[in-house]
Amino acid sequence: MQFSTISSIVDAIKSGKSTATQIVTDTLADIHARDSATLAFLETFDADALAQAAVIDALVKNGAALPPLAGVPVAIKDNMLYAGHTATACSKILANHTAAYTATVVERLINAGAIIIGRTNMDEFAMGSSGESSAWQKTHNPWDLTKTPGGSSSGSCVAVAAGFVPIALGSETGGSVRQPAALCGIVGTKPSYGRVSRYGIIALGSSLDQVGTFAHTANDAALALSIIGGRDERDATSVDGRGLPCPSSFVGLRVGVPKEYFIDGMDGEVRARVNEAIDLMRQHGAEIIDLSLPLQPYALPTYYIIQPAEAASNLGRYDGLRYGTRATGNLEESYFNARGDGFGAEAKRRIILGTFILSAGYYDSYYKKALAVRTAIRQEFDDAFQRVDVIACPTTPGVAWTIGEKLDDPVAMYLADILTVAANISGITGVSVPCGFAHNLPVGLQFLAGAMQDEQALAAAAAYQSLTSWHEQYPRI
Ligand code: GLN
């Protein structure tokens, strides 16, 4: 059952070669046997998954038409609500929190026949780039168990990279799908802001958050996006997209290469792999256009003003009274105890930073200025996408690092997102695809496209994958 794609599973069920029940049974057995090494999953939903599988098998038996994800096991990040199931965003403050309703993305997966197999580890409230700020466990990179898989969607990424499931959902605020996908050698997407409903996703930065998909192929990621995406009455910021990708070839495609994405200090081997990928696109008919995007270096500082401001506001709702574990004492003590014990170090850091940024006297000089820079960066992208169809660049400046290495240095951790955050603050779309190895670890190539041009980025990624076989190399654990 390892390293399957959506079609390999759906075809096996359709043709009668396998049953949904068999696939779910095998998947659960595989997770229970091998995930002790990677710690991607917090919990598997065995009984519900088998019940969902039985529904699919009944459809097959009755000769009914099968939905597009019939019997496909999917892992979801622990910040996605699934009614009746625990969802903690990997924070102690939400320990044992049971979801009262189901997120739109999860509901749409279920309606499409997918099997929700379990929930996965993540950085607390999705703040982090390594999964290490989870209150519960540290997830390991399947290519080298001493390395981080990246984050914050660490578990969902490893659930796919290690071969447990063909697709998984993660969420992005600043790169939390693309960055781990790059470090684990799989495809990770960040849809345009608004493309996917945020209803039922535990909020981090509401103007930035977006659910993305992990898969081995851009085609699977595109199919998953077409199912979870689109307008949702319950999220006023959601809009419809175009649907499945356009034909994927580099012939005549204008590919912009921004020099600001090849930063000083980046790993020379990573740079070499990305340059090789760009050469391959040129050989196959792409028009490679050198770009300069001078505002890009301001993306990371802008993100780390806007994001903590929104995080501090969103985390204000966890007061020990309304959600999760109830604290004791008088009102003031209960706030103090719930938040003091419930939040980890990174959450506290961002609450303090965000509250400072939004306080009278600093609001104008930090928050308002960051909003102005954000608009300028978006404008810079809009101008660039007049000249090019997609941008190609590295996803991360280096490969996976050793677990623990950046834990005492928050700024080093923040720098892991330096090449991903611009897409989030601009609301545009991005995809990371595997483009080879450096130091025996995977390297990610990033395609960016304009807002609501998700199919353009996915088509470029699919074109690249049709010329390469990096996505067919798997770790063995
Ligand atoms: N690593 C970034 C942060 O810590 C991005 C997180 C994310 O995309 N959820 O904010």
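For a Förster distance of 51 Å, can you work out the FRET efficiency between the beta-carbons of ASP341 and THR146, rounded to the nearest 0.05?
Values: r = 31 Å, r/R0 = 0.60.
Here the calculated transfer efficiency is 0.95.
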query = What ratio of Cα Rg to 2.2 N^0.38 Å holds for the chain?
reply = 0.92
key: Within the range 99-140, backbone nitrogen closer than 19 Å to the virtual label 7 Å beyond the Cα of THR237 toward Cβ   = 103-106, 125-128
key: Separation between Cα centres of the range 131-189 and the range 401-477, rounded to whole Å   = 11
key: Cα centroid separation, the range 284-362 to the range 41-100 (Å)   = 29
note = Once ALA376 and VAL251 are pulled to full extension, the length gained, defined as 0.36 nm per residue separation minus their Cα-Cα distance, is 41.9 nm
query = Net charge near GLY16, counting Lys/Arg +1 and Asp/Glu -1 over other residues with Cβ under 13 Å of its Cβ?
reply = +1
The range 102-255: Cα Rg divided by the 2.2 N^0.38 Å rule of thumb = 1.01
request  = Could you sort 89-99, 358-368 so that the peptide with the highest average Cβ count within 10 Å comes first and the rest follow in order?
outcome  = 89-99, 358-368
Rg/Rh (Cα only; Kirkwood hydrodynamic radius) as it applies to the range 229-349 = 1.18
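Once the convex hull of the alpha carbons of the range 319-477 is built, what does its volume come to per residue, in cubic angstrom? Mind dumping the intermediate values first?
Values: hull volume 29.8 nm³, N = 159.
That works out to 187 Å³ per residue.
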ask   = So how long is each side of the range 341-389 along the principal axes, counting just the alpha-carbon atoms, biggest first, in Å?
value = 51, 27, 9
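Based on the mean of other beta carbon atoms within 10 Å per residue, what is the order of 337-347, 180-190, most packed first? List each step's numbers first, then the result.
Numbers: 337-347: 18.5, 180-190: 32.9.
In descending order of packing, they fall as 180-190, 337-347.
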query = What share of all Cα pairs of the range 213-295, in percent, falls into each consecutive 10 Å distance bin?
reply = 14, 27, 35, 21, 3
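Divide, for the range 46-146, the radius of gyration over alpha carbons by 2.2 N^0.38 Å, where N is the residue count.
1.25
Where a number appears in this text, it was derived from the coordinates with a stated rule and is not lab data. In this text, all values refer to a predicted model and were calculated from it rather than measured experimentally. All Cβ positions, even for glycine, are placed from backbone atoms using ideal geometry, and neighbour counts span all protein chains on display.
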